[in-house]
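*Asks:* The structure under discussion is supplied below as structure tokens; questions concerning it will follow.
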Amino acid sequence: MRKLFALMLWLICWMGVGPVMAAQAQPSLAMGLIVKLKGQDAAVAGQSLVRLQAAAMPAANAQDLRARLSAAAQRQRVSFLMRKPTAFAAQVIHNGHPVPVAQAEAEAARLRKDPDVEWVIVNEMARPASVNVDDPGYGIQTWLQTRDAAIGRVAVANFPPAWEALSNRTLSPVVVAVLDTGILHAPDLDGRLLPGYDFVSELAYSGDGNGVDADPTDPGEDIMKVPEALRDGCPVSPVSWHGLSVTAMLAATTGNMVDGAGALAPLPGPLVLPVRVGGMCGAMVSDIIEGMLWAAGVDYNGSPARNLHPARVINLSFGGDGSCADTGSGAHDASWLYRQTIATLKSQGVLVVASAGNGDASSGLGLWGATRPANCAGVLAVTGLNERGYKARYANLMQTDGIQSFGVAVASGDIDANDVLTDSGIVTLTNTGVGNASSYFELRRMVGTSLASPVVAGVAALMLAADPTLTVDDLLWGLTHKTAGFPDVTALGMQTCVSGSGGQGNCGCTTQTCGAGMLDAELAVNWAISHAGQGGSATPSTSTQSACYFNPSRGGGSDACTQASSSGGGAMSWLSLLALACCALAMTWMRPLKAGRR
């Protein structure tokens, strides 16, 4: 269990690795196991989805559950020191520190054999997909500028004409949730943040010493805040304030003469929901899943209370190894949990945007395939480009089909083999404190796919502001069809990216290697405006997966299972959504992205 816990914690660690320097490859980690005992929910004939009754845990005898879990673990030679219930009728067990994923998988395999165990999932840990460039220079936020090929600004998102298209229009309020390391209240974010939540549940790795609570403040990453005996697997040189930097890309106030601007400049008032899921050594899958459900306004068993400001877009700059594909085996693993969670969010009309990952930490070259959950069906994966339009050296490659898998690319800063910036980078806000926050904030150049993801999330939010009737399928279609084509870079003496091959640095993108095209905010927003003018005609659902929703009765009444449409924006009762959310949580835990955070 110790190894599993360590692996899970490491996996959820930030995708960032600090200043842009060659990073040492680190093993995937997990923070114990997520265990579901039998008899806590009724089976559904003909359904592959395990339904978790939200009311089951309060009604069950806690002492009996502990005894059963201990007995099962003892029978299968699995040790654990710590146990905590989840909001989805399962238990997280670990030995107080992360362990290698392989060790956790071995323990999970033994525990799955016990007759009293329904399923076991390794509680992997995810890291953010970005790298920080430690350049204190103010610079120009070219990523927010108008596209101009004449000066090499080819792959920026083209925000200014999109903002202009929204001027003098009635815009609907939109909430974007940022699941990250937490937030600091910088002057440039005054009036832009909604009440968030802290889901980092392990006190030893929380950094703030108080676990899950209503304060999503980022306490700063400092390995010294973790007990010495528990530091194995934690990043030696963590980069702080990742959540602040991502949030500022979206919500920095424009026109106040303070620091920089944000992608959501046309939208007034509070609009970003900070959800802290990453602690000192990363983010545990269990914490991430609960954060995703809460952010979407899904009401589930236990605290916190239902989020009163549900998000329509969730930005997740974390990821890890492994495919999210359904192999048909019926296995209850992290991929299964992801798929169910994403289906739950889609039923609420919530789009998940996730970083594709920053490749191999030792070589600095992109790998083949987006990290998980960016590679899950229904998630919009985002990889990174150099401003001139070719793949960023570190960015992962990906092939998407526009049916189950979706992806786009956008400028996210780039570096060469010596970790020197080769374009303008992403200039966004950070704090000058190291390990602990200071009272000073500054703009800094950074790179990484974790900074590409919020650019796309921002465009999705602008589309929803123009037309709040857009479903998840509508958003996916608009963002992946209203794109700019990848440029021909052969004149630069650059090779074309090779499909199916990892270990690739800078190369010319195609729709077979970098997603559907380059993000274009102007085209996507104008399409949303046109869609609204047509009365919101629905885009056909791209999903073939149906889900069984369980409607629990907290008063002890009967339950019912009905088939719900897989298209986004469906109106379901919050109890049904909660049940599916619980199911989702049990199914797949997010793993950390391999790349650096910023």
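The values are calculated or read from the model by the stated rules, or taken from the named source; none is laboratory data. Computed from a predicted model, the values in this text were never measured in an experiment. FYI the Cβ positions are ideal-geometry reconstructions off the backbone, even for glycines, and counts take in every protein chain you see. All accessible areas refer to the heavy atoms of the entire protein, side chains included, with ligands and DNA or RNA removed. Shrake-Rupley method; radii C 1.70, N 1.55, O 1.52, S 1.80 Å.
*Asks:* Going residue by residue through region 482-499, is there one that turns out to be under 26 Å from T247 (Cβ atoms) and outside any loop (DSSP other than H, G, I, E, B)?
*Replies:* Looking for residues that are under 26 Å from T247 (Cβ atoms) and outside any loop (DSSP other than H, G, I, E, B), one finds at least one in region 482-499, hence yes.
*Asks:* While we're looking at this one, here's another question. Which ones in region 77-94 are open to solvent by 20 Å² or more (accessible area, probe 1.4 Å), touching a Lys or Arg at 6+ places or on another chain (Cβ under 9 Å) and either of a type in the set (A, V, I, L, M, F, W, C) or part of a loop (DSSP other than H, G, I, E, B) (or both)? Don't jump to the end; show me each part of the working.
*Replies:* Narrowing region 77-94 to residues open to solvent by 20 Å² or more (accessible area, probe 1.4 Å): 77, 79-85.
If we keep only those that are touching a Lys or Arg at 6+ places or on another chain (Cβ under 9 Å) as well, we get 77, 79-81, 83.
Correct list: R77, S79, F80, L81.
*Asks:* Still on this structure, please answer the following. Which one of the conditions (1) of a type outside the set (K, R); (2) on the phi > 0 side of the Ramachandran plot; (3) open to solvent by 10 Å² or more (accessible area, probe 1.4 Å); (4) in contact with a helix residue (DSSP H, G or I) (Cβ under 9 Å, 6 or more places away or on another chain) does G328 fail to meet, given that it meets all the rest?
*Replies:* (4) is the only condition that G328 fails.
*Asks:* Looking only at region 166-224, which residues are among the β-branched types (V, I, T), more than 20 Å from the chain's Cα centre (by Cα) and open to solvent by 60 Å² or more (accessible area, probe 1.4 Å)?
*Replies:* T170
*Asks:* Would you tally the residues in region 310-324 being surrounded by fewer than 21 Cβ atoms within 10 Å (Cβ to Cβ) and in contact with a helix residue (DSSP H, G or I) (Cβ under 7 Å, 6 or more places away or on another chain)?
*Replies:* Number satisfying all stated conditions: 1.
*Asks:* Among (1) touching a Ser or Thr at 6+ places or on another chain (Cβ under 6 Å); (2) in a helix (DSSP H, G or I); (3) crowded, with 24+ Cβ neighbours inside 10 Å, which single condition is D473 missing?
*Replies:* (3)
*Asks:* Test each condition in (1) modelled with pLDDT under 85; (2) within 19 Å of the chain's Cα centre (by Cα) for A325 and report the one that comes out false.
*Replies:* (1)
*Asks:* Hey, I403 hits all of (1) open to solvent by less than 10 Å² (accessible area, probe 1.4 Å); (2) assigned to a loop (DSSP other than H, G, I, E, B); (3) among the hydrophobic types (A, V, I, L, M, F, W, C) but one; which does it fall short on?
*Replies:* The one condition I403 does not meet is (1).
*Asks:* Let me ask something else about it. Test A516 against the criterion of being out of contact with any Phe, Trp or Tyr (no Cβ under 6 Å at 6 or more places or on another chain), over 22 Å from G359 (Cα atoms) and buried (at least 21 other Cβ atoms within 10 Å of the Cβ), and give yes or no.
*Replies:* no
*Asks:* Is it the case that some residue within region 426-449 is assigned to a helix (DSSP H, G or I) and closer than 25 Å to L179 by Cα?
*Replies:* Filtering region 426-449 down to residues assigned to a helix (DSSP H, G or I) leaves none.
No: zero hits.
*Asks:* Quick check: is even one residue across region 284-296 of a type outside the set (D, E) and open to solvent by 10 Å² or more (accessible area, probe 1.4 Å)?
*Replies:* Narrowing region 284-296 to residues of a type outside the set (D, E): 284-286, 288-289, 291-296.
Filter once more, keeping what is open to solvent by 10 Å² or more (accessible area, probe 1.4 Å): 294.
Yes, region 284-296 contains at least one residue that is of a type outside the set (D, E) and open to solvent by 10 Å² or more (accessible area, probe 1.4 Å).
*Asks:* Here's another thing I want to ask about it. Can you tell me which condition A162 does not meet? The list is (1) open to solvent by 30 Å² or more (accessible area, probe 1.4 Å); (2) under 30 Å from A532 (Cβ atoms), and all the others hold.
*Replies:* (1)
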